[in-house]
Amino acid sequence: MHDHILSTFNNSLDRLRQDVLTMASMARKNLASAMRGLLERDTDLCNSAIAADQDVNELEKSVDKLGMQILVKFQPTAHDLRQIMGTIRVANNLERIADQASSIAKRARNINNLPEFSEVKLIEPVYSLCDRNLGASLQAFLNANPEEAAAARLLDKELDAAEKALDRELITVMESQHSALEGYIHLLFVARFLERVGDHAKNICEDTIFIERAEDIRFTKDKRAEIEAAG
C-alpha cells in the first residue's frame, strides 16, 4: 500500500512539473512571437501572442488545482512540500511572463501601424539578454540545480543595465525631435516589459533555490552582484 501511494504521489508530481514545463514552453514562444512581430513588423504574430496568453492562463489554473489536490491528498512534508509550493510559484511567474509578452505584442501592433523608425532595432540586445536569462532560469528549474539557479539569478543585473541604457538612448533621441514621438514611447514600454520578464526569470531561480535548499532568498540582496554591477 505504501509503495502504491508513493507511486501515485510521484505520478501526480510528475504531471504537475510537466504542466509547468508546458507553460514555460508556451510563455517563451509567446514572447518570441511578440518580439518577432515587432522586429519583423508582423502584426499576425502579435495577434497570435495576444491570443495565446489565454491558453497560459488556463494552464496556470490547472496547475493551481492539481497542486492543491496533491497537498490535500498526500499531505507532503520537507522537500516534497517545497517542490509543490515552489512549482506553483514558478507557474505564477510563467503566467506573468505570458502577460508581459501580450503587452509587448499590443505595443508592437501600435508601432507597426506607424511609419518605420530605425531605433526599433535597438531593442534586440535587450531581448537577447532577456531570453538568455529566461532560458537559464528554466534550465536550472528543469535540472533541479540550485547552483545553476544562483548563477542565472545574477544575470538579471546585466539585463537591468541594458534596459536603463536603452531608456537613456531613446530619451536622448526623443529630446532631439519635436514630433513623431509615439513610436519611441511604445518602444520604451517594450523595454520595460522585457525587464519585468527578467524579474520573473529571477524569481524562478529563487523558487528553484527554495525547493532544493529550503532557503528563501527573495528579499535578500546579492552583494556580489551589486559589486559587479558597480564595477
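Here are a few things to note about the model shown:
- Cα gyration tensor shape of the range 149-220, rounded if a/c is under 1.5, else prolate or oblate by comparing a/b with b/c: prolate
- Solvent-free Debye calculation, one equal scatterer per alpha-carbon of the range 23-131: log10 I(q)/I(0) at 0.12, 0.19 Å⁻¹ equals -0.49, -0.88.
- The trypsin sites (Lys or Arg not before Pro) of the range 1-105 include none that meets both criteria, a DSSP state outside H, G, I, E and B (loop) and at most 10 other C-beta atoms within 10 angstrom of the site's C-beta.
- Rel. contact order, % - alpha carbon contacts under 8 angstrom, at least six apart, the range 2-230: 25 percent
- The helix-based estimate of mean residue ellipticity at 222 nm for the chain, built from -39,500 (n - 2.57) per DSSP H run of four or more residues and divided by its residue count, is -29500 deg cm²/dmol to the nearest 500.
- Here Lys61 is the anchor, and the aspartates and glutamates within straight C-alpha reach of less than 20 Å, apart from those fewer than 8 places off in the same chain, are Asp14, Asp19, Asp53, Glu95, Asp99, Asp207.
- Sites excluded, GluC sites (Glu not before Pro) in DSSP loops with at most 15 other C-beta within 10 Å, longest stretch of the chain: 117-214
Values quoted throughout were computed directly from the atomic coordinates according to the rules given, and no laboratory measurement underlies them. Everything numeric in this text was worked out from a predicted model, so none of it was measured. Don't worry about glycine lacking a Cβ; one is built from the backbone with ideal geometry, like all the others, and counts go over all protein chains shown.
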